[in-house]
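Inspection log for the structure reproduced underneath, given as structure tokens.
The values are calculated or read from the model by the stated rules, or taken from the named source; none is laboratory data. The structure presented is a predicted model; accordingly, all values stated were derived computationally and were not measured. Every residue, glycine as well, gets a Cβ built from its backbone with ideal geometry; the counts of neighbours run over all protein chains shown. Side chains included, ligands, DNA and RNA excluded: accessible areas come from the protein's heavy atoms. Shrake-Rupley method; radii C 1.70, N 1.55, O 1.52, S 1.80 Å.
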Amino acid sequence: MTIATAADLKSSVALWTKRGDLTAVADDLILLAERRIDRDLRTRWQITTATGTVASESITPPTDLLEIKRLALTVSSGKTALAYVAPDKASQYESAGADPGYYTWQGSTLLVPGGNGYAYTLDYYAKLSALSSGSNWLIVANPDVYLWATCIEAANYVKNSGDLQRFSTMYRAAVDDLKRMEYNRDAGLAVRAA
């Protein structure tokens, strides 16, 4: 069976869990699975870029931001990446020179002390696009990750500890395989058939 849409995923979950009675909660199970995947994955397919201008020494982060990969400002000498400083240490940190040198979080806002008016480029890992709004890169490239994550949520819902353990193992293996492929790609390694 091909898994390429939310409807396909719901059908596969019903088959794998042997539960045809989860229709009423299927969308919730997929949403919970997507949040689980968001916590566990960081891949090249998730990297996206936001640009803008720092105003009032702050940047409102994109709503789909999971994790910052790089924040850079366009300064007189070109682009410069800013260092991250933990919020509790920010008051002790001063930028060396005239240009801002760091950023931190204040609540849900990114602070760039001294950054007013600078153009920024924010490279970040984005949340999965909800499968309910169509398709996304993960369901196309690695439907097993989606299937096992959703089956975990189904097993939690029906309180089936045997299935929970089985699907958790399968999910972890699929996520680990995807991470390994990402690592090998980044390291320039090729996977060869024996």
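Once the piece of chain linking Y93 and L31 is laid out straight, how much longer is it, given 0.36 nm per residue of separation minus the C-alpha distance between them? Don't skip to the answer; put the middle values down first.
Numbers: separation 62, 0.36 × 62 = 22.32 nm, distance 3.99 nm.
So the extension gain works out to 18.3 nm.
Any chance you could count the Lys pairs in the chain whose alpha carbons are under 16 Å apart, treating pairs 8 or more apart or on different chains as valid? It would help to have the intermediate numbers written out before the result.
On the way: K10/K18; K18/K159; K69/K79; K69/K127.
So the count of such lysine pairs works out to 4.
What distance in nm separates the two pseudo spin-label positions at A7 and N156, each 7 Å out from Cα along the beta-carbon direction?
If labels sit at A7 and N156, their model points lie 2.8 nm apart.
By how many nm would the segment from S76 to M181 lengthen if fully extended, with 0.36 nm per residue of separation less the alpha-carbon distance? Kindly include the intermediate steps, with their values, before the conclusion.
Numbers: separation 105, 0.36 × 105 = 37.80 nm, distance 3.88 nm.
The span from S76 to M181 would gain 33.9 nm if fully extended.
For the range 64-89 and the range 1-49, what is the separation of their C-alpha centers, rounded to whole Å?
Spelled out, the Cα-based centre of one part sits 33 Å from the other.
Can you compute the FRET efficiency between A83 and S129 using 1/(1 + (r/R0)^6), with r the Cβ-Cβ distance and R0 = 41 Å? Round to the nearest 0.05.
Details: r = 31 Å, r/R0 = 0.75.
Between A83 and S129 the formula returns 0.85.
Kindly provide the helix-only [θ] at 222 nm of the chain, computed as the sum of -39,500 (n - 2.57) over DSSP H runs of four or more divided by all residues, to the nearest 500 deg cm²/dmol?
Numbers: 5 runs with 75 residues, N = 194.
Calculated mean residue ellipticity at 222 nm is -12500 deg cm²/dmol.
With all protein chains present, how much of the accessible area of the chain (probe radius 1.4 Å) comes from carbon and sulfur, to the nearest whole percent? Numbers along the way, then the final one.
Working: 5530 of 10850 Å².
Ligands and nucleic acids excluded, carbon and sulfur reach 51 percent.
With every protein chain left in place, what is the accessible area per residue of the range 20-65 in square angstrom, probe 1.4 Å?
Numbers: 2510 Å² over 46 residues.
For the range 20-65, the solvent-accessible area averages 55 Å² per residue.
Sorted by mean Cβ packing within 10 Å, highest first, what order do the peptides 147-158, 32-43 take? Could the numbers behind the result be given before it?
Working: 147-158: 22.9, 32-43: 17.3.
The most tightly packed comes first, giving 147-158, 32-43.
Tilt of helix 6-17 relative to the longest C-alpha principal axis of the chain, in degrees (0 to 90, nearest 10)?
Computed tilt is about 50 degrees.
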